[in-house]
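The values are calculated or read from the model by the stated rules, or taken from the named source; none is laboratory data. Quick caveat, the model's predicted, so the values are computed rather than measured. Methodologically, a virtual Cβ is constructed for each residue, glycine included, from the backbone with ideal geometry; neighbour enumeration extends over all protein chains shown. Side chains included, ligands, DNA and RNA excluded: accessible areas come from the protein's heavy atoms. Shrake-Rupley method; radii C 1.70, N 1.55, O 1.52, S 1.80 Å.
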Amino acid sequence: MKNLACGCPGSNVRTIEKPATDNSAKGKVASELRQWPTQLHLVPPSAPWLENAHLLIAADCAPFAYGDFHRDFIRGKVLVNACPKLDDTSPYMDKLTAILKNNDIQSLTVTIMEVPCCRGLAMMAKQALEASGKNIPFEVAIIGVDGERRS
């Protein structure tokens with residue numbers, strides 16, 4: 001594991017190896033998370049799990065609001081999360097552009113909440129995709145505060 005400059009062991013990049021799961025049955029739902037860290041501030045653009053990934057950028061609240069988030073969004077994807085309202089988002093454009101430009105990202109999905117402050121995360125992702133010069137599938141999924149998917 002490579003230590004980041006901040007020295008926090010919780011920020012170490014790691015791949016989480018798990019057997020395939022079947023979350024269709026009733027009972028405990030297994031996590032679909034396959035890498036660490038997830039917080040966009042902590043994800044290095046050179047993380048090995050970004051290569052050939054289907055990238056999911058999630059607003060921090062979306063997984064809490066949408067009950068089937070792991071099954072419907074994280075499964076088969078690499079997750080990074082951020083909050084466009086509470087985070088210092090100034091480095092996000094450069095970081096997202098570097099992630100997209102320096103890795104063979106297969107698709108980009110952004111999950112945001114229906115509240116206005118979340119729209120900024122989708123806009124940043126779209127602008128970073130344009131700045132990267134890549135032409136990959138791009139989707140924005142909007143989650144209502146009631147936990148229902150709006151789009």
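A few notes on this one:
- Checking each residue of region 132-147 against the condition of being over 15 Å from Asn81 (Cα atoms) and part of a helix (DSSP H, G or I) gives at least one match.
Residue by residue, here is whether (1) part of a loop (DSSP other than H, G, I, E, B); (2) acidic (Asp, Glu); (3) in contact (Cβ under 8 Å) with a residue 40 or more places away in the chain holds:
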{"residue": "Leu86", "(1), (2), (3)": "yes, no, no"}
{"residue": "Lys95", "(1), (2), (3)": "no, no, yes"}
{"residue": "Cys117", "(1), (2), (3)": "no, no, no"}
{"residue": "Ala122", "(1), (2), (3)": "no, no, no"}
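- The lone exception for Ser107 - which of (1) under 24 Å from Arg14 (Cα atoms); (2) open to solvent by 60 Å² or more (accessible area, probe 1.4 Å) it fails: (2)
- Pick from region 67-85, criterion open to solvent by less than 50 Å² (accessible area, probe 1.4 Å) and over 12 Å from Ala53 (Cα atoms), ranking: modelled with the lowest pLDDT: Pro84
- Qualifying positions in region 39-57 - surrounded by 17 or more Cβ atoms within 10 Å (Cβ to Cβ) and part of a loop (DSSP other than H, G, I, E, B): Leu40, Leu42, Val43, Ala47, Ala53
For every residue, the table says whether it meets (1) more than 17 Å from Phe138 (Cβ to Cβ); (2) in contact with an Asp or Glu (Cβ under 9 Å, 6 or more places away or on another chain); (3) in contact (Cβ under 8 Å) with a residue 12 or more places away in the chain; (4) not aliphatic (A, V, I, L, M).
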| residue | (1), (2), (3), (4) |
| --- | --- |
| Val29 | yes, yes, yes, no |
| Gln35 | yes, no, yes, yes |
| Ser46 | yes, no, yes, yes |
| Trp49 | yes, no, yes, yes |
| Ala58 | no, no, yes, no |
| Phe64 | yes, no, no, yes |
| Gly67 | yes, no, yes, yes |
| Arg71 | yes, yes, yes, yes |
| Gly76 | no, yes, yes, yes |
